[in-house]
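The values are calculated or read from the model by the stated rules, or taken from the named source; none is laboratory data. Keep in mind that this is a model prediction, so the values were computed, not measured. Every residue, glycine as well, gets a Cβ built from its backbone with ideal geometry; the counts of neighbours run over all protein chains shown.
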Amino acid sequence: MSRIGKQPIAIPSGVTVSAEGGVFKVKGPKGELTVPYNSALTIKQDGDQLLVERPSDRQEHRALHGLTRTLVANAVKGVSEGYTINLELRGVGFRAKLAGKALELAIGYSHPVVITPPEGVSFAVPEPTKIDVTGIDKQLVGQVAANVRKVRKPDAYHGKGVRFAGEQISLKAGKTGAGGKGK
């Protein structure tokens, strides 16, 4: 039995769910999401909990069981609480600011880099070197944060660039000083 798939999903107050024909719909205070799932699985509501059940112990059903439960749980949490990923800028003169809804980055290039968020994702800049990516869809928020990081990945020698908050970068050793060779 799947250890993740058999866990119930708590439904917070103010969240409504429905599962029909391979599409799970959830609506909450922050928005609405739909999650497609394999129609061989069943999603049942038992009071204020959701249960994902599989029809057999075949390998394909076992593989889908935990995945479907996790996707449904992420959608329920997203519409009730939302998701936020924090990014940091490291480097002399590196800074971020909002230009309307778009994020404008000055990260060592000759021009500012402007990133427009997709629908359902928003940026916040609490400090010039900190960026918050917020939304209700966990996958979309993570992808947008990865795209922002990809603009200037942390340098392997100095650690300059865009990194996730708390991310540890292992720095390479630089070259040793010139001189003292073979005199």
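Any residue in segment 2-22 that is within 14 Å of residue 33 (Cβ to Cβ) sitting within a Cβ distance under 7 Å of a residue that is part of a loop (DSSP other than H, G, I, E, B)? List the pairs, counting only those 6 or more apart or interchain.
What qualifies is 11/48; 17/11.
Restricted to segment 76-97, and to residues that are modelled with pLDDT of 95 or more and of a type in the set (Gly, Ala, Ser), which residue is farthest from residue 33 (Cα to Cα)?
Of everything passing the filter in segment 76-97, 96 is farthest from residue 33 (Cα to Cα).
Would you please name the residue that is farthest from residue 79 (Cα to Cα), looking only at residues in segment 95-135 that are among the polar types (S, T, N, Q) and free of Cβ contacts under 8 Å to residues at least 24 places away in the same chain?
So, considering only residues that are among the polar types (S, T, N, Q) and free of Cβ contacts under 8 Å to residues at least 24 places away in the same chain, the one farthest from residue 79 (Cα to Cα) is 110.
Looking for whichever is under 22 Å from residue 139 (Cα atoms) and modelled with pLDDT under 95 here; the options are 40, 63, 73. Which one fits?
Result of the check over 40, 63, 73: 63.
All but one of (1) in contact with a helix residue (DSSP H, G or I) (Cβ under 9 Å, 6 or more places away or on another chain); (2) on the phi < 0 side of the Ramachandran plot hold for residue 82, so report the exception by its number.
Condition not satisfied by residue 82: (2).
Here are 63, 99, 75: which of them is assigned by TED's automatic domain parsing to the domain that holds residue 156, of a type outside the set (Lys, Arg) and farther than 12 Å from residue 162 by Cβ?
99
State whether the residues of segment 114-137 include one that is within 15 Å of the chain's Cα centre (by Cα) and of a type in the set (Phe, Trp, Tyr).
Yes: segment 114-137 contains one or more residues that are within 15 Å of the chain's Cα centre (by Cα) and of a type in the set (Phe, Trp, Tyr).
What are the residues in segment 65-104 that are farther than 20 Å from residue 129 by Cα, of a type in the set (A, V, I, L, M, F, W, C) and in contact with a strand residue (DSSP E or B) (Cβ under 9 Å, 6 or more places away or on another chain), if any?
71, 72, 73, 75, 76, 79
Would you please name the residue that is surrounded by the most Cβ atoms within 10 Å (Cβ to Cβ), looking only at residues in segment 1-53 that are of a type in the set (Ser, Thr, Tyr) and farther than 27 Å from residue 119 by Cα? Can you show your working first?
Of segment 1-53, the ones of a type in the set (Ser, Thr, Tyr) are 2, 13, 16, 18, 34, 37, 39, 42.
Filter once more, keeping what is farther than 27 Å from residue 119 by Cα: 2, 39, 42.
Details: 2: 18, 39: 11, 42: 13.
Here the residue is 2.
Is there any pair linking a residue in segment 28-50 that is more than 13 Å from residue 74 (Cβ to Cβ) and in contact (Cβ under 8 Å) with a residue 24 or more places away in the chain to one that is surrounded by 13 or more Cβ atoms within 10 Å (Cβ to Cβ) and of a type in the set (Ser, Thr, Tyr), with Cβ under 6 Å and at least six apart or on different chains, and which?
Here the result reads 41/68, each pair linking segment 28-50 to a residue that is surrounded by 13 or more Cβ atoms within 10 Å (Cβ to Cβ) and of a type in the set (Ser, Thr, Tyr).
What strands (runs of 3 or more DSSP E) lie completely within segment 98-183 and have 2 or more residues being surrounded by fewer than 18 Cβ atoms within 10 Å (Cβ to Cβ) and at pLDDT 95 or above?
Filter on segment 98-183 gives 102-106, 113-115, 121-127, 130-135.
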